[in-house]
Amino acid sequence: MIAFAGNSLLCRVALAHTAIDAASFTSIRLLSGAIVLWLIIQSKGERIGGAGSWTSALALFAYAAGFSFAYVSLAAATGTLLLFGAVQTTMISYGLWKGERLKGLQLAGLMLAFGGLFGLLLPGLSAPPLTASMLMIAAGIAWGIYSLRAKGAANPTQITAGNFVRAVPFAAALSLIMLSRVSLDGYGIMYAVASGGLASGVGYAIWYTALRGLKATSAATVQLSVPVIAAVGGALFLSEAITLRLLIASAAILGGIALITLRRNR
């Protein structure tokens, strides 16, 4: 969870405090993640082969690109909360579409989560930028789709490695399109490599290993810590303010999602 929250902190510090552009950050992040995951697969004596798919790779790229461009303007805590809320909402909505039903506290949790998201985005002095917020929500939807496609995979680390490799050409195409706005920075490149290689590549490998020993309820609950870790990290390392609006929205969104996931898993 620290690695996942670290992605938000690394991306935010790179795009807010260095000269690197969002497209270059995305490309370097995905390339670094692909290299590290490939090395992990190789160390196990396995091969990527045909693992992954182009559809999942496109969803992965859409998440990474939306994530980067959103963090040009969003604070780390706000971005993580929007991302996490969108991911969970996408996966819950898919379950409803497939015939799952919410009852009692689950319905209350859904309304609470949507209310928190709506309250966070309402116009006001402390409201996050709308365009950046929409980009992060789109990134969350893309990550939710990616997660749904990877659900139940026999070798998730291998499939993730294959998808990262396939996502690199999409990122390269984005960098070519944004060539006139390319801006590289030594520290920015370093943060992008850390985000892709450590927070993404190594982070995903650790998460998939940990999942084998976690119950579904525990896995759902522990993810609620990501926005909290990002908020604390943003305050400590980036001097970002934690507003009352953010606190109330966080309690509503995370509390609502907890009611849905914990009740459903039980």
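The values are calculated or read from the model by the stated rules, or taken from the named source; none is laboratory data. These figures come from a predicted structure and were not determined experimentally. Every residue, glycine among them, receives a Cβ derived from its backbone with ideal geometry; neighbour counts consider all protein chains shown.
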Query raised in the report: In this structure, is residue 168 closer than 14 Å to residue 61 by Cβ and modelled with pLDDT of 80 or more?
Result: yes
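Farther than 18 Å from residue 110 by Cα, assigned to a helix (DSSP H, G or I) and at pLDDT 80 or above, is that true of residue 234?
Details: farther than 18 Å from residue 110 by Cα: yes; assigned to a helix (DSSP H, G or I): yes; at pLDDT 80 or above: yes.
It is true that residue 234 is farther than 18 Å from residue 110 by Cα, assigned to a helix (DSSP H, G or I) and at pLDDT 80 or above.
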**Report entry** Which listed residue is among the β-branched types (Val, Ile, Thr) and surrounded by 16 or more Cβ atoms within 10 Å (Cβ to Cβ), from 193, 182
**Finding:** 193
